[in-house]
1. On the basis of being away from ligand 2 (no atom under 16 Å from the Cβ), of a type in the set (S, T, N, Q), surrounded by fewer than 22 Cβ atoms within 10 Å (Cβ to Cβ) and in contact (Cβ under 8 Å) with a residue 24 or more places away in the chain, does Thr251 make the cut?
2. Of all the residues that make up the stretch 333-380, how many are more than 16 Å from ligand 1 (Cβ to nearest atom), outside any loop (DSSP other than H, G, I, E, B) and of a type in the set (Asp, Glu)?
3. Identify, by number, the condition in (1) in a strand (DSSP E or B); (2) in contact with a helix residue (DSSP H, G or I) (Cβ under 9 Å, 6 or more places away or on another chain) that Asn261 doesn't meet.
4. Just checking, does the stretch 225-232 include any residue being in a helix (DSSP H, G or I) and under 24 Å from Ala139 (Cα atoms)?
5. Please go through the stretch 276-317 and give me each residue that is acidic (Asp, Glu) and within 11 Å of ligand 2 (Cβ to nearest atom), ordered by number.
6. Would you confirm whether or not the stretch 123-131 contains a residue that is of a type outside the set (A, V, I, L, M, F, W, C) and farther than 23 Å from Gly336 by Cβ?
7. Please enumerate the residues belonging to the stretch 268-304 that are in contact with a strand residue (DSSP E or B) (Cβ under 9 Å, 6 or more places away or on another chain) and over 26 Å from Ile416 (Cβ atoms).
8. From the list Arg314, Arg322, Arg326, pick out the single residue that is basic (Lys, Arg), away from ligand 1 (no atom under 16 Å from the Cβ), in a helix (DSSP H, G or I) and modelled with pLDDT of 95 or more.
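The values are calculated or read from the model by the stated rules, or taken from the named source; none is laboratory data. This is a predicted model, so every value here is computed, not measured. Glycine also receives a Cβ, built like all others from the backbone with ideal geometry; neighbour counts cover every protein chain displayed.
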Amino acid sequence: MQKIGLIPLALPFLLAATGAPAAPPSLTEVPAGRAAPESGVAALREAALKDDIAMDIVEGLTTEVGPRPAATAQEAKAREWAVAKLKSLGFSNVHIEPYSMPAWVRGEETASLISPFPQKLAITALGNSGATGKKGLQAEVVYFPTIADLQAVPDGSLKGKIAFVSHAMKPTQDGSSYGEYGTARFAGPGIAARKGAAAIVIKSIGTDHHRVPHTGVTDFPKGVTPIPAAALSVPDAEQLERVFSRGQPVTLSLLLTPRFNGTQQSGNVIAEVPGSDPSAGIIMVTGHLDSWDLGTGAIDDASGVAIITAAAKRVMDAGTPRRTIRVMLAGAEEVGGFGGDAYYEAHKNELHVLTSESDFGADRIWRVDFKFPAEAKPVSDRIAAALAPLGIGAGKQPAGGGADNEKFVKAGIGTIDLQQDGTRYFDLHHTADDTIDKIDPEQLRQNVAAWTTMLTIAANARENLKEK
Ligand code: ZN
Ligand code: ZN
């Protein structure tokens, strides 16, 4: 994984693609109503560094709607909010595309150590968790330092016990540790259920040391009955490790009363900046409208929604682009990418030439990755060069997309990943602490500038972005 040094935001204009000093940016705005050629990109980029649209969107969505769990009335409110906002910003073809899905809702959630040292523990249920029943569950706890240790015990061996999987997630700039440590959450409950466990608690998939547990979805394989599954905050999980180090049997009391609320409606919100040349194809940009219920979903993913919307608005105001830019605000990403899948099924036969997703918080973009056909190489070169003044380096690995555009990536559609710095993302991810005060306005603006730059070039490029 390529790493580049951090370039302070105050110095973005000193480095051009070559590392040589660049001319100071032109402060001339591209006049509204005139076509924006790529040559206007520097002015658009510099203007976007003063963006207030994105923060206004994050502020509105997190204040006027707040938490937006998938397939709930709150998520429906978020769709209505987004439609009104996108219309007021001047987008075209603004509409909701509904679909149905199973809804999971949180209930009560408490945990206490019963023996050997009685005390309360901070816990939260994982999405899709089973319930303990109203009376709760008391059982002996079996400690597994890693998910591999849990995997190693025979099926049926944990009958009537609570499995505890601990581990220490390390922060990384590129977020790569999520895949490795996240397995305890994605797959741990299903594995524990197969081993016969009555319930499972894991150390939060998080890099902070606050007593705020991290939720997130888990997945029980077909045929496996969901068991109660919850995350302890990192300090509480470490406390439990210390208790185990005393060598005495450990008993936990757990109360989790989430439930499935039948099939409910969710939906995607679509808006467009119509292009001048329908044969040039669609650029689809996406972030997700839904959030977990504990915080207000500011970094996950009101920020992504705001960044792509603000950038598309800036390109729109600069003039009609060649390609249509379609803003796709996905529903139900958190619980399994239902919105992204529904969009793909409904629109896969349209000519998409590029998709890009923003769903990794609001901290600065430090690297850009591409997955383009060979004939579009000059486009990716121009985008990389135009991003360099923002302190963004070009990665050597192909872009992989995210949950809401992965099917297009798999289908061979061009993809750009504007990689955000994830060093502190998992301090806040899926916790009650995911609130707007954690967003650094200057870093949010750098995101908008990078997306505006990328979209201006990609939407106006004369080259084909898709193999013929
Ligand atoms: Zn997200
Ligand atoms: Zn998330």
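1. Values: away from ligand 2 (no atom under 16 Å from the Cβ): yes; of a type in the set (S, T, N, Q): yes; surrounded by fewer than 22 Cβ atoms within 10 Å (Cβ to Cβ): yes; in contact (Cβ under 8 Å) with a residue 24 or more places away in the chain: yes.
In short, yes.
2. Residues meeting the conditions: 3.
3. Failed condition: (2).
4. Initially, the stretch 225-232 is screened for residues in a helix (DSSP H, G or I), giving none.
Within the stretch 225-232 (the criterion being in a helix (DSSP H, G or I) and under 24 Å from Ala139 (Cα atoms)), the answer is no, since none of the residues qualifies.
5. Step one: filter the stretch 276-317 for residues acidic (Asp, Glu), giving 277, 290, 293, 300-301, 317.
If the condition is that a residue be acidic (Asp, Glu) and within 11 Å of ligand 2 (Cβ to nearest atom), then Asp290, Asp300, Asp301 are the ones that fit.
6. Looking for residues that are of a type outside the set (A, V, I, L, M, F, W, C) and farther than 23 Å from Gly336 by Cβ, one finds none in the stretch 123-131, hence no.
7. Result: Trp292, Asp293, Leu294.
8. Exactly one residue qualifies, and that residue is Arg314.
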